[in-house]
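Only one structure is covered here, and it is reproduced in the block below.
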Amino acid sequence: MWPFNSYPTVSAEDLGKANQSFDYIIVGGGTAGCCLAARLSEDPSVSVLVIERGAVANDWKSKVPLISANFYRPGAPAAEWPTQPMRHGKGRVVQAVVGEGLGGGSRINSCVYTRGTGDYNLWRDMGHPSWGYEDVEPYFVKSEKTLSQSGSKFRGKLGPWVNQAFPKPAFKCLAHVIQASKDIGIPVVPDLNSPTSPVVCCSNLDVAIDASMQRMSTLQAFLPEKVATARNSNLTICSKAIVTQIQFSIEAGSIRASGVYYEASKLTRNTRNFVVNANREVILCAGAIASPQLLMLSGIGPRSHLQEHGITVVKNMPGVGSMLKDHASVPVMYRIPLDDSLHVLKNKPTRAISELLQYFIAGKGLFAVPFMQWSIFVRSSLLNADSEIVANTPSALDPTQPGNTPDIEVMPVPHRCTEGEKNDWDDIGVFSFLTCLVKPKSYGTVRLAYTDPRERASIDLGFLDNSDDLIVFRKAVRLALRLVKQMRSQGYPLEDLGVPASESDADVDDYIRSNIRTSYHYSCTCRMAPEDDERPGVVDDQLRVHGIKGLRVCDTSIFPEIVSTHTMAPAVMVAEKCADFIRMTWED
């Protein structure tokens, strides 16, 4: 009964004292890790250990959709640290943010449930025949329970992970966005996750919120307290513990991951390093930043980089951490009436109290509303230089074709979308179009800053390293500006706050470089690809680390190419598919 809980976890010290081995050790109980742990522990004959750096942190605030999306709030299960200065972003430093706690990023994100279609057919065509859309759709369906699209044959109705859509715009500005999209030729589609939805569209978003209007993180969906308690005999969850290194052994001349070293996350004078053995496999679900970091700390990674840090090379693997991709974004922002934005909750305390009471009493009001309700996806090749749609033939809009995946997302948000918690605009109403590059050609790196596993990895986002990305970004920003013109023509008041000085290439480019930021959709750092690929891979098609027995990676780091949509649902699909790979490996 929330807000109270007694989630069953063990401490690093108690786990160490137990001197127990497990069939499977899952490193990271995040978005993918919770799903994988739940699926593997369905078999009572196997033992599963989850080691999570963060806490359970399952208080009432973590379940309220709007409050939980603020990862700057005190006690939020999140970690934040600076990236490297951006070469093509005027040397600016932005903050990397990752979920840190059971449920990972699904605890702090915008709850958006989107799948993608052509992305997986691209994976298939890149040489991964079991990862096409028809191959992965059953795994999306397996995990999902839709409350809004129950009539669709493409959507899941029986899974544990609940989602729904909120079609009625909570703010007038969103209603004007929808109409503006229609006016400029962007159709409104009923289900963005249908593989028949065109690549140019405006759509109401499915969000991971259940019928009680609580955030449905993967912790709540796959490993809620009742499940974790019921499986206490074969599922052990060790929270507030950090894995410091993978343990290897030599088996018949081959290297095998035989366990992990770990210790309590909080460092004290009495902190001890323990080891726990894996009878079958170690699976890294620590995310696209921490998974490659742990591999490198354990001696798997680019030889020269490991040697620079004095780490003994277990296996030279240049692909580890070398192909980081993220959805770079740029906000275009306007002043709007205070009551028509989420800023009203901060500036009118009585309104905030009223809305919070509505939420607790009836599950209604702004606190039940997702941070994002609607979004617009477009393929830039279908736009001219002024972001007018110039091609809309059925073949050009076919979402199943790998070459047709959207590369632009424009997210209408009734709130400022600048980076950081504090801003001079907090006392006014702000509306943002967050323009996003969802198919970037640029890539960055994850590297060790220190050999101390408690220290954060060094992240070079690599934004705009490929100049083609800037061309697409111009179209994205101009599309937002065009939508604003249309909204103004409807009589909606929008006062410039954060916009380019003009629509010239020079001014738009300058604005992009001055405001580019992360969307926190890190991926591709342990790519599924051959080791000798042009962009070196780390895992095979069953997510096994090349040349290391008993070691897999299961999170967004394995994406061979970043998906052109939000990454939460794809991360869970990967976990569902990985669970099947593991079961098939160990079946009698």
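So the values come out like this:
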{"quantity": "Residue list for region 94-118, restricted to those being part of a helix (DSSP H, G or I) and at pLDDT 95 or above", "calculated": "G104, G105, S106, R107"}
{"quantity": "Boolean, V199 is surrounded by 20 or more Cβ atoms within 10 Å (Cβ to Cβ) and assigned by TED's automatic domain parsing to the domain that holds P412", "calculated": "yes"}
{"quantity": "Exclusive hit being in contact (Cβ under 8 Å) with a residue 60 or more places away in the chain, among the aliphatic types (A, V, I, L, M) and within 28 Å of L342 (Cα to Cα), set V93, V112", "calculated": "V112"}
{"quantity": "Test result for L219, touching a Cys at 6+ places or on another chain (Cβ under 6 Å) and either free of Cβ contacts under 8 Å to residues at least 12 places away in the same chain or under 14 Å from V50 (Cα atoms) (or both)", "calculated": "yes"}
{"quantity": "Subset of region 79-91 (residues that are over 13 Å from Y520 (Cα atoms) and buried (at least 16 other Cβ atoms within 10 Å of the Cβ))", "calculated": "Q84, M86, H88, G89"}
{"quantity": "2 or more residues touching a residue at least 40 places away in the same chain (Cβ under 8 Å) and within 30 Å of L338 (Cα to Cα): qualifying strands (runs of 3 or more DSSP E) within region 120-205", "calculated": "161-165, 201-204"}
{"quantity": "Filtered residues of region 215-237 (kept if in a loop (DSSP other than H, G, I, E, B) and either surrounded by 21 or more Cβ atoms within 10 Å (Cβ to Cβ) or of a type in the set (F, W, Y) (or both))", "calculated": "M216, S217, L223"}
{"quantity": "Residues located in region 277-319, provided they are of a type in the set (S, T, N, Q), farther than 14 Å from A449 by Cα and buried (at least 24 other Cβ atoms within 10 Å of the Cβ)", "calculated": "S291, S298"}
{"quantity": "Hits in region 136-179 - residues which are more than 19 Å from F377 (Cβ to Cβ) and polar (S, T, N, Q)", "calculated": "S143, T146, S150, Q164"}
{"quantity": "Those residues of region 317-339 which are within 22 Å of C436 (Cα to Cα) and among the hydroxyl-bearing types (S, T, Y), in sequence order", "calculated": "S329, Y334"}
{"quantity": "Verdict on L461 being in contact (Cβ under 8 Å) with a residue 40 or more places away in the chain, within 18 Å of R379 (Cβ to Cβ) and within 24 Å of the chain's Cα centre (by Cα)", "calculated": "no"}
{"quantity": "The lone exception for T435 - which of (1) assigned to a loop (DSSP other than H, G, I, E, B); (2) of a type outside the set (G, A, S); (3) in contact with a helix residue (DSSP H, G or I) (Cβ under 9 Å, 6 or more places away or on another chain) it fails", "calculated": "(1)"}
{"quantity": "R482 vs. criteria under 24 Å from M372 (Cα atoms), assigned by TED's automatic domain parsing to the domain that holds M372, in contact with a Ser or Thr (Cβ under 8 Å, 6 or more places away or on another chain) and of a type outside the set (V, I, T)", "calculated": "yes"}
{"quantity": "Among the residues listed as R379, R335, R416, the single one being closer than 29 Å to K63 by Cα and of a type in the set (K, R)", "calculated": "R416"}
{"quantity": "Residues located in region 497-531, provided they are closer than 30 Å to V446 by Cα and not in a loop (DSSP other than H, G, I, E, B)", "calculated": "V508, D509, D510, Y511, I512, R513, S514, N515, R517, S523, M528"}
{"quantity": "Residue in region 14-35 that is farther than 22 Å from A575 by Cβ, part of a loop (DSSP other than H, G, I, E, B) and either touching a Ser or Thr at 6+ places or on another chain (Cβ under 6 Å) or modelled with pLDDT under 95 (or both) present", "calculated": "yes"}
{"quantity": "Region 238-261, subset crowded, with 18+ Cβ neighbours inside 10 Å and small (G, A, S), residue nearest to A55 (Cα to Cα)", "calculated": "S239"}
{"quantity": "Residue, farthest from A57 (Cα to Cα), within region 96-117, restricted to residues that are over 11 Å from the mean Cα position of the chain (by Cα) and buried (at least 24 other Cβ atoms within 10 Å of the Cβ)", "calculated": "T117"}
{"quantity": "Subset of region 221-238 [in contact with a strand residue (DSSP E or B) (Cβ under 9 Å, 6 or more places away or on another chain) and either closer than 18 Å to P370 by Cβ or among the hydroxyl-bearing types (S, T, Y) (or both)]", "calculated": "A221, T236"}
{"quantity": "Tally of residues being part of a strand (DSSP E or B), out of contact with any helix residue (DSSP H, G or I) (no Cβ under 8 Å at 6 or more places or on another chain) and of a type outside the set (K, R) across region 255-274", "calculated": "6"}
{"quantity": "Residues of region 416-453 satisfying the condition of being modelled with pLDDT of 95 or more and either of a type in the set (D, E, K, R) or on the phi > 0 side of the Ramachandran plot (or both)", "calculated": "K439, K441, R447, D452"}
{"quantity": "Filtered residues of region 63-93 (kept if assigned to a loop (DSSP other than H, G, I, E, B), basic (K, R) and under 20 Å from the mean Cα position of the chain (by Cα))", "calculated": "R73"}
{"quantity": "Unique match (being surrounded by 18 or more Cβ atoms within 10 Å (Cβ to Cβ) and out of contact with any Leu (no Cβ under 9 Å at 6 or more places or on another chain)) among A76, A57", "calculated": "A76"}
{"quantity": "Yes/no for G547 being closer than 18 Å to R256 by Cβ and assigned to a loop (DSSP other than H, G, I, E, B)", "calculated": "yes"}
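Listed here are the residues, each with its yes/no results for (1) assigned to a loop (DSSP other than H, G, I, E, B); (2) touching a residue at least 40 places away in the same chain (Cβ under 8 Å).
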residue: G310; (1), (2): yes, yes
residue: V320; (1), (2): yes, yes
residue: H327; (1), (2): yes, yes
residue: P331; (1), (2): no, yes
residue: K346; (1), (2): no, yes
residue: A352; (1), (2): no, no
residue: E355; (1), (2): no, no
residue: Q358; (1), (2): no, no
residue: F367; (1), (2): no, yes
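The values are calculated or read from the model by the stated rules, or taken from the named source; none is laboratory data. Computed from a predicted structure; not experimentally measured. Neighbour counts are summed over all protein chains in view; Cβ atoms, including those assigned to glycine, are modelled from backbone coordinates with ideal geometry.
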